[in-house]
Amino acid sequence: MDAAFGRVEDDGVVARIVLARPPLNVIHLEMARELSRALVGLRERRELRALVLSAEGRAFSAGVSIEDHLPGRAGDMIPAFHDIFRNLRALEVTTIAAVQGAALGGGCELACFADFVIASEGATFGVPEVKLASFPPVAAVHFPHRIGAARTLQLVLSGDILSAREAERIGLVDRVVPAEALAEVVDDLLGKLREKSAPALRLARRAVLRAGRFEEELAVAETLFLGELMKTADASEGLQAFLAKRAPAWTHR
């Protein structure tokens, strides 16, 4: 990865991708592309047992750049961002997210796409896109498999931000630990994975996830987002209002 956006650490058995775009690790177009390139670069590492996603600073990620959602840019940004998830699934490696601070919007999608989501007590989670007349395609597709359709609808339609404990209660997060214990807990989990056969881990994961379903469902959500939502007046108004730091004026068109 470009050192400006993050780094990859790899000891041959465990790889780590560390987001490093302060202050909030907001993912813009070039960062999304860098993340995908990093994942593609790990794809042939058949001995890998696990991939850890983490971040520097006070937030895991506050989401995807609003500027890159504007008309004329969303057509590049959304497929590039979704390629991260396609490449994560194609990597076929057990994934762990170590989350501190805010994991919002696309940052929440990225963290909660992991097989194991370990969060510090001060972490927060949410997909508040509806407040900008938008919706989160990856969450719409993946979260029903993690927390059920009803809870996904409640998160997506309310835009509520959850504490780490509340996210754990509904199954969005697997374990909440004190901030000072986050690295140790992740390392303990990695220790269990290091002992296991890489092919067995890959094939077991593939059997559970049934490769192909996510990609098909994401393609439908992406078409709804780019082909319909981004053509509405309210979608443009929501983005512009956010950037101008004013209340949106919905026209419901």
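Structure notes:
- Test result for residue 213, within 20 Å of the chain's Cα centre (by Cα), over 27 Å from residue 119 (Cα atoms) and either open to solvent by 30 Å² or more (accessible area, probe 1.4 Å) or among the acidic types (Asp, Glu) (or both): yes
Quick grid of which residues meet (1) surrounded by fewer than 21 Cβ atoms within 10 Å (Cβ to Cβ); (2) assigned to a strand (DSSP E or B):
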site: 39; (1), (2): no, no
site: 48; (1), (2): no, no
site: 53; (1), (2): no, yes
site: 79; (1), (2): yes, no
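- Hits in the stretch 81-99 - residues which are open to solvent by 40 Å² or more (accessible area, probe 1.4 Å) and either in contact with a Gly (Cβ under 9 Å, 6 or more places away or on another chain) or at pLDDT 95 or above (or both): 83, 86
- All positions within the stretch 190-204 that are open to solvent by less than 30 Å² (accessible area, probe 1.4 Å) and among the charged types (D, E, K, R): 202
- Candidates are the residues of the stretch 1-37 that are basic (Lys, Arg) and either within 23 Å of residue 77 (Cβ to Cβ) or modelled with pLDDT under 95 (or both); the one that is least open to solvent (accessible area, probe 1.4 Å) is 21.
- For the stretch 109-168, the set of residues classified as crowded, with 23+ Cβ neighbours inside 10 Å, outside any helix (DSSP H, G or I) and over 15 Å from the mean Cα position of the chain (by Cα) consists of 134 only.
- Within this structure, residue 102 passes the test of being out of contact with any His (no Cβ under 7 Å at 6 or more places or on another chain) and open to solvent by 10 Å² or more (accessible area, probe 1.4 Å).
The values are calculated or read from the model by the stated rules, or taken from the named source; none is laboratory data. Note that the structure is a prediction, hence the values are computed from the model and not measured. Positions of Cβ are backbone-derived with ideal geometry, glycine not excepted, and every protein chain shown enters the neighbour counts. In case anyone asks, the SASA skips ligands and DNA or RNA and just uses the protein heavy atoms, side chains included. Shrake-Rupley method; radii C 1.70, N 1.55, O 1.52, S 1.80 Å.
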